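First up is the structure itself, then whatever we jot down about it.
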Amino acid sequence: MLRFAAITTLLVGLLSGAIGGIGAGVAQEHQTLTTPSLVVDLDTGAVLHAEAAGDPWYPASTAKLMTALVTFQALERGDVDLSTPVILSHNAMDQSAAYAGLKVGNAMTLKDALYAVLVGSANEVAVALAETVAGTEAAFVDLMNAQANRLGMTATLFTNPNGLFDRKQTVSARDLAVLGRHLFQEHPQYHEMFRTAAVTIDDRELISYNELITRYPGTLGLKTGFVCSAGRNIVAIAERDGKRLLVVVLGATTGRERSERTAKLFDDAFAGNLSANGQTLADLYNAVETRPEDMRMRLCSNETAAYEAGQNRRYPMGLPGAQSYLKDPVSAPTYSFQTWFVPQPEFVPVPSAKPVLAVELIATPPASGSTVEIVPPSKPPLPRG
């Protein structure tokens, strides 16, 4: 009887171990994730590579590309001009992530604000810019969604002008490619903004986290983004030998992974290793019936180390002992400006509002921003947006 019990215990133990091994294998498999990526010929719209390109995703700061497009259209209509003052309101400063060191009442020109948004990814300035263009943030968001509808961005819904997390706010790699392509082709006069490496606001430097600007020759811009639920996103354009390509990578785990994956896709496409199959960007299907993958637990929790280790094995480019597709840092344009102060109406607190600090009065605005050349640091700080 004792021997039977011992045998039974042994069999149960072996079976449990086998099941546990299978479970561990499944867990290990789920530590890695294929996230959306897309490569498009910028001029023809031909699709050269597409992986989960129609899956809804959280945009993070790539939403600021639509903020730029709506602003460019307002400039064309003459509703505003590049010298129009953009003033930081209480609402603009009531953002969950504000990095530019600004305060309520700080003012800048609209041109300066565009640099702050597109290069420095300043969330508070994006809201102030929206209020300047459309009167209110909500009215500006309506313009963003109307333009998305006109462009056929069927997986896209915007709820704010800066890309800060909202479960209702979605895009797809396909839609971001449509947006980036339209923005770049229709508004060439603003190309310089997208390939600028850093913006200095009142002596505070904000470095662009589009690392390709300084480390991938031929890069022409556009925009990166990060929130925990989205991972690290990028929409990028590069040119080589007269050929222009647009790459979208969403949900990358680290800045290294995002930059290296994007650079490798550019390299493969420029080398002819990715070829068109007759499909165009307009032909890509958006999976509008699905919800975005939420990356928060993978990237901002106690699960992050294990998930990152798995993704590092999947995308080792640039790690010690592995090939890198990036080059040594080179100089790129930067932009700098000074703000001035415009007194704002007294703030009436609401439960969700943050306290507003006093600001010093500066009587007159400084001269407009200027462009210079620098060599940015080889290892920039962590992404902001």
*Ordering of 156-169, 228-241, 264-277 by burial proxy (mean other Cβ atoms within 10 Å per residue, highest first)*: 228-241, 156-169, 264-277
_Taking the Cα centre as origin and putting +1 on Lys and Arg beta-carbons and -1 on Asp and Glu beta-carbons, what dipole magnitude results for region 194-251, to the nearest 20 debye?_
280 debye
*Using only the alpha carbons of region 266-321, determine the length spanned along each of the three principal axes and report them from longest to shortest in whole angstroms.*
44, 39, 11
*Mind grabbing the accessible area of Lys327 for me, 1.4 Å probe, Å², rounded to tens?*
110 Å²
*Met295, Met93, reordered so the largest accessible area comes first (probe 1.4 Å)*: Met93, Met295
*asked:* Using only the heavy atoms of the protein chains and a 1.4 Å probe, how would Met297, Met108 rank by accessible area, largest first?
replied: Met297, Met108
*Got a sec? Charge dipole of region 155-311, +1 on Cβ for Lys and Arg, -1 for Asp and Glu; which of Leu206, Met295, Gly221 is way out at the positive end?*
Met295
_Quick check: with the 1.4 Å probe, what order do Asp328, Asp202 take by accessible area, largest first?_
Asp328, Asp202
*Output the pairs from Lys168/Lys327; Lys111/Lys168; Lys223/Lys243 with a Cα-Cα distance over 32 Å in this structure; if there are none, say none.*
Lys168/Lys327
*Whole-angstrom gap from region 282-348 to region 192-258, using each part's C-alpha centre*: 9 Å
_As an exercise, take the mean of 1/r over every pair of distinct alpha carbons in region 61-142, invert it, and state the Kirkwood radius in angstroms._
12.3 Å
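The values are calculated or read from the model by the stated rules, or taken from the named source; none is laboratory data. All values reported here derive from a predicted model rather than from experimental measurement. FYI the Cβ positions are ideal-geometry reconstructions off the backbone, even for glycines, and counts take in every protein chain you see. To get the accessible areas, we keep the full protein, side chains included, count just its heavy atoms, and leave off ligands, DNA and RNA. Shrake-Rupley method; radii C 1.70, N 1.55, O 1.52, S 1.80 Å.
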